[in-house]
Amino acid sequence: MADLSITYLVLAHKSTSRVTRLVDKLLLEDANGQVIIHFDKKSGKAPYKWLSDYYAKAPRCHVLLSRVNCGWGQWSLVEATLRMLRYAQDSHKTDYYYLLSEYCYPTQRLSALKEHLEKHRGTNFIECEDSSWIKGGIREDRYLYRHFLDKRKYPRLHRWTYKWQKWLGFKLEVPKGLTIRFGSQWWCLTQEAIDYVLLVEPTYRYFFRWTWIPDEMVFQTIFFSFLKESLFNNILTYSYFDKNGKAGSINDKKNIPDKFFFARKWL
């Protein structure tokens with residue numbers, strides 16, 4: 001059997017040093033791994049050019065030319081992920097796609113990750129939970145109303161447009177066939193699963209485009225609605241959250257269970 005292959009998708013936002021720390025580690029420890037980087041367009045041309053030049057002679061690392069301005073809680077994060085996936089579809093095939101951010105870092109050797117995936121080959125690692133998974137803030141209203149604005153930039157206006165829609169009764173209908181589910185953004189999915197997601201996603205894009213925090217909903221909902229027979233309702237990236245659902249930093253891996261292979265917000 002051929003060596004299991006992984007394409008690592010890295011959502012990067014501002015720190016070239018964090019990106020290179022992660023990507024250099026991936027390329028060093030996974031001899032046939034591919035890495036695709038989306039560097040947030042709003043972070044400027046200079047760091048993007050530096051990153052592109054840095055990996056210009058690394059044949060297994062690809063820094064996307066087609067980029068979007070990423071806003072927290074907005075569709076742009078899903079769009080950036082889809083662009084990485086479409087680029088991969090056009091350039092190569094792989095056994096697994098592992099979505100990471102520049103804040104992620106391995107907690108075990110990548111050989112252990114590959115052994116785990118080989119043992120469970122064909123299984124998809126993604127959370128698909130009901131709305132009780134959400135720790136704080138709105139739940140069903142994330143998708144029943146349109147959220148047009150970046151909440152971090154325009155917090156009052158964001159809340160006002162949401163309340164206005166509720167008052168007027170401008171509620172959205174969930175498309176037929178979809179069962180809305182939520183979960184961590186950081187999944188690990190098979191080539192077959194990604195093929196299907198890319199096939200059906202355009203059908204539901206209009207509905208998801210203005211939902212709140214769609215990166216915790218789009219893949220999870222499509223997967224649960226159509227592909228749950230190959231679902232392992234778990235993820236491989238560890239994150240620490242406070243009681244309000246805010247991600248915290250991690251600086252000690254001794255308390256991270258062995259079932260995780262990366263940690264989010266690793267210092």
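The values are calculated or read from the model by the stated rules, or taken from the named source; none is laboratory data. A quick note: this is a predicted structure, and the numbers were derived from the prediction, not measured. Cβ placement follows ideal geometry from the backbone for every residue including glycine, while neighbour counts extend to all protein chains displayed.
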Could you list, in sequence order, all residues of region 225-246 that are out of contact with any strand residue (DSSP E or B) (no Cβ under 7 Å at 6 or more places or on another chain) and at pLDDT 90 or above?
-> S225, F226
How many of the residues in region 67-81 are modelled with pLDDT under 95 and among the small types (G, A, S)?
-> 2
Checked region 80-99 for anything surrounded by fewer than 19 Cβ atoms within 10 Å (Cβ to Cβ) and either basic (K, R) or assigned to a helix (DSSP H, G or I) (or both); matches are R83, R86, Y87, Q89, D90, S91, K93
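The rows are residues; the columns are (1) touching a helix residue (DSSP H, G or I) at 6+ places or on another chain (Cβ under 8 Å); (2) of a type in the set (F, W, Y); (3) modelled with pLDDT under 95; (4) surrounded by fewer than 20 Cβ atoms within 10 Å (Cβ to Cβ).
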site: S101; (1), (2), (3), (4): no, no, no, no
site: C128; (1), (2), (3), (4): yes, no, yes, no
site: Q165; (1), (2), (3), (4): no, no, yes, yes
site: G177; (1), (2), (3), (4): yes, no, yes, yes
site: L189; (1), (2), (3), (4): yes, no, no, no
site: L199; (1), (2), (3), (4): no, no, no, yes
Note on region 6-35: residues outside any helix (DSSP H, G or I), surrounded by fewer than 17 Cβ atoms within 10 Å (Cβ to Cβ) and of a type outside the set (A, V, I, L, M) are K14, S15, N32
For the subset of region 179-198 comprising residues that are β-branched (V, I, T) and in a helix (DSSP H, G or I), which member is farthest from D141 (Cα to Cα)?
-> I194
If only one of K176, K163 is part of a helix (DSSP H, G or I), of a type outside the set (F, W, Y) and more than 30 Å from R264 (Cβ to Cβ), which one is it?
-> K163
